[in-house]
1. Of the residues in the stretch 179-200, how many are β-branched (V, I, T) and under 19 Å from R138 (Cβ atoms)?
2. Which number in (1) within 16 Å of ligand 2 (Cβ to nearest atom); (2) in a helix (DSSP H, G or I); (3) over 17 Å from D213 (Cβ atoms); (4) under 18 Å from the mean Cα position of the chain (by Cα) marks the one condition that A12 misses?
3. Hey, can you tell me all the residues within the stretch 57-73 that are polar (S, T, N, Q) and near ligand 1 (Cβ under 10 Å from one of its atoms)?
4. I need a count of the residues in the stretch 204-238 that are exposed (fewer than 15 other Cβ atoms within 10 Å of the Cβ), of a type in the set (S, T, N, Q) and either under 19 Å from the mean Cα position of the chain (by Cα) or modelled with pLDDT of 95 or more (or both).
5. From the set of residues in the stretch 187-203 that are surrounded by fewer than 17 Cβ atoms within 10 Å (Cβ to Cβ) and within 17 Å of A225 (Cβ to Cβ), which is farthest from ligand 2 (Cβ to nearest atom)?
6. Taking the stated definitions as given, is A35 in contact with a Ser or Thr (Cβ under 9 Å, 6 or more places away or on another chain), small (G, A, S) and not in a loop (DSSP other than H, G, I, E, B)?
7. Within the stretch 1-56, restricting attention to residues that are within 15 Å of ligand 1 (Cβ to nearest atom) and charged (D, E, K, R), which residue is surrounded by the most Cβ atoms within 10 Å (Cβ to Cβ)?
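The values are calculated or read from the model by the stated rules, or taken from the named source; none is laboratory data. Only a predicted model underlies this, so the values are computations on that prediction, with no experimental measurement involved. Heads up, the Cβs are rebuilt from the backbone with ideal geometry, glycines too, and the neighbour counts pull from every protein chain shown.
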Amino acid sequence: MTQKRGIPSHVAIIMDGNGRWAQQRNQLRAVGHRAGLKTVRKIVAYAATLKVKVLTLYAFSSENWRRPPNEVSALISLFIYALKREIKSLNKNNVRLNIIGDISRFSDNLQNMIIQAQNLTKNNSGLVLNIAANYGGRWDILQSAKKMATQVTNGEITLDEVTEDRFASIMCMGEFPDVDLVIRTGGEYRISNFLLWQIAYSELYFTDTLWPDFNQTLFDEAINAFNARERRFGGIRN
Ligand code: IPE
Ligand code: IPE
Ligand code: MG
């Protein structure tokens, strides 16, 4: 796939602000999450058109279980609904769907749906869509550390072979390039335990727009801002 000039290869989005969007309209928070799903659909299609290679969306954090049970179940039901409803068209559009996060906490039914959806789309060569569900950046680093430790304990690798590259390859998304651009909607200036390792040199873009109101024009603005940045990766200006 050819890369359009100025288009970041890997964009990650913290889709925040659904609850406030609903509250502003005197609606239940779940209504905001449903509106947020519509934005997901539009932004996934747009990212594919732009030839973004990898799009990673933060859908449910490892801390979001702290929300009231009715909101947690509304979010999980919406996830199941979206998986069922969207998988065929994602597949038709050559999108490869990947769920990142600790899925072992989900019901067997949902885990099976996730595995089936991933299998169905695994050979697709278009946009890679990563959905972070029960994901935490610290969990991700820890699971990689544990796997490496096991390999060392079993004598499969030596301690000297615990390198940054090997470690990175075991992290979620180890096969994909590091994130170029992180976008957070909803006006907060924080990472909220989203990707940590993978954003070491990402450009960060924050907008006050609430996720259900995010659109193609605002996505273009984020990409323009990204293109106006000078990425030095610790070096100096050429
Ligand atoms: C983001 O919207 C979606 C999830 C965390 C699942 P929020 O639900 O956090 O919305 P606000 O931040 O309360 O407005
Ligand atoms: C981050 O938003 C998680 C997702 C968008 C899935 P939160 O609303 O959970 O983050 P905090 O609590 O404001 O940090
Ligand atoms: Mg929030």
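1. Summing the residues that are β-branched (V, I, T) and under 19 Å from R138 (Cβ atoms) in the stretch 179-200 gives 4.
2. Among (1) within 16 Å of ligand 2 (Cβ to nearest atom); (2) in a helix (DSSP H, G or I); (3) over 17 Å from D213 (Cβ atoms); (4) under 18 Å from the mean Cα position of the chain (by Cα), the lone unmet condition for A12 is (2).
3. S61, N64 - these are the residues of the stretch 57-73 that are polar (S, T, N, Q) and near ligand 1 (Cβ under 10 Å from one of its atoms).
4. 5
5. Y201
6. Criteria not met by A35.
7. The extreme case among them is D16.
Residue-wise test of (1) modelled with pLDDT under 95; (2) more than 19 Å from T209 (Cβ to Cβ); (3) within 14 Å of ligand 3 (Cβ to nearest atom).
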position: R5; (1), (2), (3): yes, yes, no
position: W21; (1), (2), (3): no, no, yes
position: V31; (1), (2), (3): no, no, no
position: R34; (1), (2), (3): no, no, no
position: A48; (1), (2), (3): no, yes, no
position: P69; (1), (2), (3): no, yes, no
